[in-house]
Amino acid sequence: MNETAEVVILRLGHRPGRDERMTTHVGLTARALGADRVCFPDNAGQSKATVADITDRFGGPFDVELTDSPQAMLRNWAGKIVHLTMYGERVQDVEGEIRDAHQDAGEPLLVVVGAEKVPFDVYEEADWNVGVTNQPHSEVAGLAVFLDRLFEGRELEREWDDADRRVIPMETGKRVESADEE
Ligand code: SAM
């Protein structure tokens, strides 16, 4: 959200065909809820194209990229790492210290979400393994709750730059305007 050090989401693993929508939704959720950038595995080019297209139409700033080595990205990350996992510490217990590191100390934050089984070294690389409940559910849901906790709801108020389209909130019905219209 450009309010402090960057927040980057790393999608670990992508099974072509099976994970297309999930990987795309990780990117769309990252964008909508305040992250600065998402990084997909290099076999997720279609998800990258969809997220880039939404950003072109509905605004940014938000970057989407591919990596051929997520493990190297983890190893070389110059900041703190959060890994979202049902086995982790409760988000409500660690969100304060994560916010302190990110907002007060200005450390960039890498948030890792898995697809299939996550290798154990990711648990060791992470500064925090964080559970959004300790129940199995979805990377999209876990990411959404985590980002909302991290930003304490401020992401809901953000403005979008360079949008072609803007949704006008309505009690009933659907209205989308060109962003140039008053
Ligand atoms: N069994 C897999 C593993 O090794 O962690 C989990 C697969 S799960 C369908 C895919 C991803 O969803 C996980 O890697 C994790 O990032 C996220 N996830 C699922 N449940 C979660 C929870 N309760 N809290 C945080 N993240 C969760």
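Observations, loosely collected:
- Value of relative contact order over the chain, rounded to a whole percent, pairs C-alpha under 8 Å and six or more apart: 28 percent
- Degrees, to the nearest 10: 139-151 long Cα axis against longest axis of the chain: 80 degrees
- Think of the range 7-178 as having a plus end and a minus end, set by charges on the Cβ of Lys, Arg, Asp and Glu; of Pro108, Gly173, His137, Gly173 sits farthest toward the positive end of this dipole.
- Using only side-chain charges placed at the Cβ, +1 for Lys and Arg and -1 for Asp and Glu, the dipole size of the range 7-178 relative to its Cα centre rounds to 620 debye.
- MRE, 222 nm, helices only [DSSP H, n ≥ 4, -39500 (n - 2.57), over the chain, to nearest 500]: -10000 deg cm²/dmol
- Virtual paramagnetic centre 7 Å along Cα→Cβ of Thr133, amide N under 17 Å, in the range 64-105: 84-93
- Under-5 Å amide H pairs with Asn129, H placed in peptide plane, nonlocal only: His83, Glu89
- Between Thr4 and Asp56, the simple label model (points 7 Å from Cα in the Cβ direction) yields a spacing of 3.4 nm.
- Extension gain, Ala105 back to Glu152 (0.36 nm per residue minus Cα-Cα distance, nm): 15.2 nm
- Applying both filters, DSSP loop and at most 12 other Cβ atoms within 10 Å, to the GluC sites (Glu not before Pro) of the range 104-148 gives Glu116.
- Table column - 3J(HN,Hα) (Hz), the range 59-65, Karplus curve with 6.51, -1.76, 1.60, x for Gly and Pro: x, x, x, 7, 10, 10, 9
- Asp63/Asp93 FRET efficiency (R0 25 Å; Cβ-Cβ; nearest 0.05): 0.20
Every number in this text was worked out from the coordinates using simple rules, so none of it is lab data. A quick note: this is a predicted structure, and the numbers were derived from the prediction, not measured. Counting neighbours? That spans all protein chains shown, and the Cβs are built from the backbone with ideal geometry, glycine included.
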